[in-house]
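Student: The following block contains the structure, expressed as structure tokens.
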Amino acid sequence: QVQLVESGGGLVQAGDSLRLSCAASGRYFSTYAMGWFRQAPGKEREFVASIRWSGGVTYYADSVKGRFTISRDNAKNTVYLQMNSLKPEDTAVYYCAADHFGSGSAVTDRYDYWGQGTQVTVSS
């Protein structure tokens with residue numbers, strides 16, 4: 001099975017940047033689509049960004065398009081989320097997830113494995 005560990009969260013001011021990392025343990029990392037989701041207090045978990053298993057196609061939620069960038073390094077079994085121009089409404093726990101041979105679905109139930117989450121807090 002695959003285990004995922006997120007890191008890189010923290011407390012920043014509006015307009016700042018953060019880079020989240022998700023390190024994976026498993027034999028077939030390169031065959032998994034990887035997604036980033038987030039959950040704010042009192043809200044449901046929502047899709048943020050994803051990258052296809054083959055690594056060349058990405059998708060973004062409208063709320064982060066143009067500000068966030070997802071990428072992967074298969075040699076390091078790691079997926080990244082570069083977050084620029086952060087806003088207070090980006091405050092949430094961020095989770096990474098893996099979907100075997102996935103194409104980068106925005107649907108939560110499509111993903112087989114989840115990390116523990118990392119907190120991102122953006123002050124105004």
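Student: Restricting the stretch 73-117 to residues that are open to solvent by less than 40 Å² (accessible area, probe 1.4 Å) and charged (D, E, K, R), which is farthest from SER30 (Cα to Cα)?
Tutor: ASP90
Student: Would you check which residues across the stretch 8-52 are surrounded by fewer than 20 Cβ atoms within 10 Å (Cβ to Cβ), closer than 16 Å to GLN119 by Cα and among the β-branched types (Val, Ile, Thr) and list them?
Tutor: VAL12
Student: All but one of (1) open to solvent by 50 Å² or more (accessible area, probe 1.4 Å); (2) under 13 Å from the mean Cα position of the chain (by Cα) hold for VAL120, so report the exception by its number.
Tutor: Only one criterion in (1) open to solvent by 50 Å² or more (accessible area, probe 1.4 Å); (2) under 13 Å from the mean Cα position of the chain (by Cα) is unmet by VAL120, namely (1).
Let's see how each residue does on (1) free of Cβ contacts under 8 Å to residues at least 40 places away in the same chain; (2) in a strand (DSSP E or B); (3) under 14 Å from ALA23 (Cα atoms):
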{"position": "GLY56", "(1), (2), (3)": "yes, no, no"}
{"position": "VAL64", "(1), (2), (3)": "yes, no, no"}
{"position": "TYR80", "(1), (2), (3)": "no, yes, yes"}
{"position": "GLY104", "(1), (2), (3)": "no, no, no"}
{"position": "GLN116", "(1), (2), (3)": "no, no, yes"}
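Student: Which of the following residues is touching a helix residue (DSSP H, G or I) at 6+ places or on another chain (Cβ under 9 Å) and β-branched (Val, Ile, Thr): VAL93, VAL64, VAL57?
Tutor: Result of the check over VAL93, VAL64, VAL57: VAL64.
The values are calculated or read from the model by the stated rules, or taken from the named source; none is laboratory data. Note that the coordinates shown come from a computational prediction; the quantities given were computed from them, not determined experimentally. So basically every Cβ, Gly included, is an ideal-geometry build from the backbone, and we count neighbours across all protein chains shown. Please note that ligands, DNA and RNA were not included when accessible areas were found on the heavy atoms of the full protein model with its side chains. Shrake-Rupley method; radii C 1.70, N 1.55, O 1.52, S 1.80 Å.
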